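The values are calculated or read from the model by the stated rules, or taken from the named source; none is laboratory data. Values in this document were obtained by computation on a predicted structure and should not be read as measured data. Heads up, the Cβs are rebuilt from the backbone with ideal geometry, glycines too, and the neighbour counts pull from every protein chain shown.
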């Protein structure tokens with residue numbers, strides 16, 4: 001068993017403007033998905049199933065809704081397991097307390113690295129739908145002697161302009177980051193696809209501290225805009241191919257390497273339809289890699305029945321599931 005210690009910082013502070021009105025009184029990661037699940041339940045479940053137990057959720061907008069969900073769905077379930085999920089809010093610094101970007105959120109909590117003295121620090125997004133064994137990424141990072149590893153998902157080249165694109169060599173070493181390029185670079189040996197960043201990063205602790213301190217004087221810092229573009233010139237940074245990540249219990253009818261960024265209403269709606277039906281693209285009923293949260297038992301069965309009824313009538317179920325898309329499930333990767 002891999003016993004290397006991983007400290008996880010979950011980026012949960014985004015305002016979620018593109019998910020309005022769902023985010024009018026909810027934090028983006030607290031937005032309902034289906035069966036009582038919230039968006040944050042997917043990343044937390046992946047971490048817990050990967051035997052990672054030291055997790056901090058960096059919250060900001062509408063944080064109370066997220067805190068209430070964690071208290072109701074995760075605190076009772078994790079009691080006595082050794083799992084620690086704690087919420088951290090921004091600190092006031094001569095004005096209104098806020099995180100001025102994703103990197104600034106981590107920088108404001110840099111004390112956690114000294115406190116826990118981890119072998120690695122994982123910085124993961126809070127609002128994606130997927131299954132992932134994070135320990136496999138840790139093993140890749142360790143074996144390749146990386147300073148930074150970026151989880152990368154292959155996307156069709158014709159859709160790649162909607163993503164932050166990773167340009168990597170055949171050895172996986174990242175050479176360049178392209179932010180939504182008009183002409184995205186293809187994957188090595190696969191001209192039909194490109195590497196898109198999943199927003200999940202693994203750092204050596206010292207490397208992360210140095211990178212954050214180098215950019216701390218900027219008026220707001222973000223991993224995508226300020227940290228990642230300068231990495232290939234100064235650090236050993238590798239792309240971790242999510243397509244090779246294997247979790248148990250995935251059925252033959254499911255889409256291999258399923259991952260969706262559900263940051264828009266259309267993307268959320270499409271992902272909700274992906275989990276429905278007898279042969280879903282992404283099956284929530286995987287008992288060997290379960291999604292934890294409140295979507296269990298009789299309430300889940302009732303919610304699923306209500307969801308099917310709402311789909312049949314074209315209705316809206318308490319803002320949890322949006323009306324069916326015009327072409328539900330036709331896009332392999334949501335934008």
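All but one of (1) surrounded by fewer than 20 Cβ atoms within 10 Å (Cβ to Cβ); (2) assigned to a helix (DSSP H, G or I); (3) at pLDDT 95 or above hold for residue 46; which doesn't?
(1)
Being touching a helix residue (DSSP H, G or I) at 6+ places or on another chain (Cβ under 8 Å) and surrounded by fewer than 24 Cβ atoms within 10 Å (Cβ to Cβ) is the filter here; which residues of segment 11-30 pass it?
Hits for segment 11-30 are 14, 15, 16, 18, 19, 22, 23, 25, 26.
Test of understanding: among 116, 128, 141, which residue is in contact (Cβ under 8 Å) with a residue 24 or more places away in the chain and closer than 26 Å to residue 274 by Cα?
Result of the check over 116, 128, 141: 128.
What number goes with the only condition from (1) in contact with a helix residue (DSSP H, G or I) (Cβ under 7 Å, 6 or more places away or on another chain); (2) more than 30 Å from residue 276 (Cα to Cα) that residue 198 does not pass?
Single failed check for residue 198: (2).
With (1) surrounded by fewer than 16 Cβ atoms within 10 Å (Cβ to Cβ); (2) within 17 Å of the chain's Cα centre (by Cα) as the list, and residue 60 as the residue in question, which single condition is left unmet?
Status for residue 60: all satisfied but (1).
Report the residue count in segment 66-85 for those that are in a helix (DSSP H, G or I), more than 22 Å from residue 25 (Cβ to Cβ) and out of contact with any strand residue (DSSP E or B) (no Cβ under 8 Å at 6 or more places or on another chain).
2
Do any strands (runs of 3 or more DSSP E) entirely within segment 176-291 hold 3 or more residues that are modelled with pLDDT under 95 and surrounded by 22 or more Cβ atoms within 10 Å (Cβ to Cβ), and if so, which?
Counting at least 3 such residues, we get 193-203.
Could you list, in sequence order, all residues of segment 112-133 that are crowded, with 24+ Cβ neighbours inside 10 Å and part of a helix (DSSP H, G or I)?
The answer is none; no residue qualifies.
Which one is surrounded by the most Cβ atoms within 10 Å (Cβ to Cβ) among residues in segment 158-167 that are touching a strand residue (DSSP E or B) at 6+ places or on another chain (Cβ under 8 Å) and modelled with pLDDT of 90 or more?
This residue is 166.
Can residue 307 be described as over 22 Å from residue 41 (Cα atoms) and modelled with pLDDT under 95?
no
Just the residues that are out of contact with any strand residue (DSSP E or B) (no Cβ under 6 Å at 6 or more places or on another chain) and either modelled with pLDDT under 95 or over 30 Å from residue 18 (Cβ atoms) (or both), please, taken from segment 114-137.
Answer for segment 114-137, where residues must be out of contact with any strand residue (DSSP E or B) (no Cβ under 6 Å at 6 or more places or on another chain) and either modelled with pLDDT under 95 or over 30 Å from residue 18 (Cβ atoms) (or both): 114, 115, 117, 119, 127, 135, 136.
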